[in-house]
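Laboratory data are not the source of any read-out in this text; all were calculated from the coordinates shown. Small disclaimer: the values here were computed from a predicted structure and weren't measured. Backbone-built Cβ (ideal geometry, glycine too); neighbour counts: all protein chains shown.
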Amino acid sequence: MPVVTSSYNPPFYFKNGHVSTVVPSIWRQVENVNYERERIETPDDDFLDLDWCHTGSKNLVVITHGLEGSSKRPYVLGMAKYFHSKNWNVLAWNCRSCSGEINRKGRFYHHGETRDLHHVVKHAIERNTYENIVFIGFSMGGSITIKFLSEVPYELQSRIKCGVTASVPVDLTESVAEFRKISMAFYRNKFLQRLEKKIKLKAQLYPDQIDYKDFSKIKYFPDFDNAYTAPLHGFKDAYDFYEKASAKNYLERVQVPLLLVNALNDPFLTENCYPYRIAESSDFVHLETPKYGGHVGFIQHGMRHTYLESRAYDFVSHLL
């Protein structure tokens, strides 16, 4: 598919990539989203918390949050509210440890972990015979969504219609390197502070598996991923994890329509996170690279709903 021309043009005060990233994350309020929480067990004796908005529809949207996000982040709430207002059933699931309660196992989640999403989808289908299922993923959740869509089992191919992803670090190695810059210290420190709290809790539960006492030495993501992500999830080291989990490996295997919206002023992304060549040669990948939007921002005047929310719905509805 050719690269999609974007119509997104925010108010001038949201044209700065950092402003459009930070302001919605802190100040945006999304009201009247009434989730019904369901806890399901996983095959390895852990649990996942699922948040539903029911309408009785045979259409289901499955939303996956970003790194250290949850179903209650404004960007997930906004998307859930928008689709629910269009009479869709909504399932916003929480990765392990992200629902407000630490998970039971030593492992967490990561950009390339799709087994939990497969389990969530299997459970949703057993609960209701949905006719149309679409997937939306933000940032890390976009990486998970892309990899999942490249693995769709045969028996689900007629029901899974498409995916929408945004602000995806398509090349993790490059994106992680970007976080070494001084300008990225605010974001880097926020992520590592949140991760540190979980590692401290995990170390109390699994003292033989997880060592917290040296966390003060962790300054950058490769430090964290070498110490925790890689050994807990079966990778040789941080760079083995980045290479194997990157969405760039899975885009060409996707066999359903996929919209990827990555803003050109996203402070988290680098040149290789805009896969123009893949989009131009693919029958399924639609790449949209608006000039503005920041990271999971795409705010419009008034912040009632984002460009991405209406764009996702329009993309989906034109396919059904």
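Label positions at Arg194 and Glu131, each projected 7 Å from the Cα along the C-beta direction, are separated by 3.8 nm. Residues in the range 61-88 near a label at Trp27, defined as backbone nitrogen under 17 Å from the 7 Å Cα→Cβ point? Residues 74-75 qualify, since their backbone N sits under 17 Å from the label point. The base-10 log of I(q)/I(0) for the range 26-133, evaluated at q = 0.14, 0.23, 0.24 Å⁻¹, reads -0.53, -1.35, -1.43 [Debye formula, identical scatterers on Cα atoms, solvent excluded]. Using just its DSSP H runs of length 4 or more, each adding -39500 (n - 2.57), the chain gives a mean residue ellipticity at 222 nm of -9500 deg cm²/dmol after division by all residues. The loop-placed GluC sites (Glu not before Pro) in the range 40-110, going by DSSP, that have at most 15 neighbouring Cβ atoms within 10 Å of their Cβ come out as Glu101. The modelled label-to-label distance for the pair Ser310/Asp211, using points 7 Å beyond Cα in the direction of Cβ, is 5.4 nm. Summing +1 for each Lys or Arg and -1 for each Asp or Glu among the other residues whose beta-carbon sits under 15 angstrom from that of Ser150 gives +1. Placing unit charges on the Cβ atoms of the charged side chains and taking the dipole of the chain about its Cα centre, the candidate lying farthest along the positive direction among Ser20, Thr145, Ser99 is Ser20. Phi-derived couplings, Karplus 6.51 cos²θ - 1.76 cosθ + 1.60 at θ = phi - 60°, listed residue by residue for the range 201-213: 5, 5, 5, 6, 7, 10, x, 7, 10, 10, 10, 8, 4 Hz, with x used for Gly and Pro. If exposed trypsin sites (Lys or Arg not before Pro) are those in a DSSP loop with at most 11 other Cβ within 10 Å, what is the longest stretch of the chain that has none? Here the longest segment lacking exposed loop sites spans 1-180. Here are some values of Cα extents along the principal axes in Å: [x] 58, 45, 45; [y] 78, 44, 29; [z] 52, 45, 40. Which one was computed from this structure? Working out Cα extents along the principal axes in Å from the coordinates points to [z].
Taking the DSSP bridge list for the chain and keeping only pairs wholly inside it, about 30 percent are antiparallel. Multiplying the residue separation of His54 and Val256 by 0.36 nm and removing their Cα-Cα distance gives an extension gain of 70.2 nm.
What FRET efficiency comes out for Glu271 versus Thr5 if R0 is 22 angstrom and r is the Cβ-Cβ distance? Round to the nearest 0.05. E between Glu271 and Thr5, to the nearest 0.05, is 0.65. Placing unit charges on the Cβ atoms only, positive for Lys and Arg and negative for Asp and Glu, gives the range 138-290 a dipole magnitude near 640 debye about its Cα centre.
Looking at this model, which pairs from Lys217/Lys248; Lys198/Lys236; Lys105/Lys200; Lys105/Lys248; Lys86/Lys161; Lys105/Lys197 are more than 19 angstrom apart at the alpha-carbon? From Lys217/Lys248; Lys198/Lys236; Lys105/Lys200; Lys105/Lys248; Lys86/Lys161; Lys105/Lys197, over 19 Å: Lys217/Lys248; Lys198/Lys236; Lys105/Lys248.
Within the range 173-244, all pairs of alpha-carbon atoms sorted by distance into 10 Å bins from zero give the percentages 19, 51, 28, 3.
For Leu259, the residues 5 or more places off, or on other chains, whose built amide H falls under 5 Å of its own are Gly163, Val164, Thr165, His286. Near Arg304, no amide H atom lies under 5 Å from its own; only residues 5 or more places off or on other chains count, and H is placed 1.01 Å from N.
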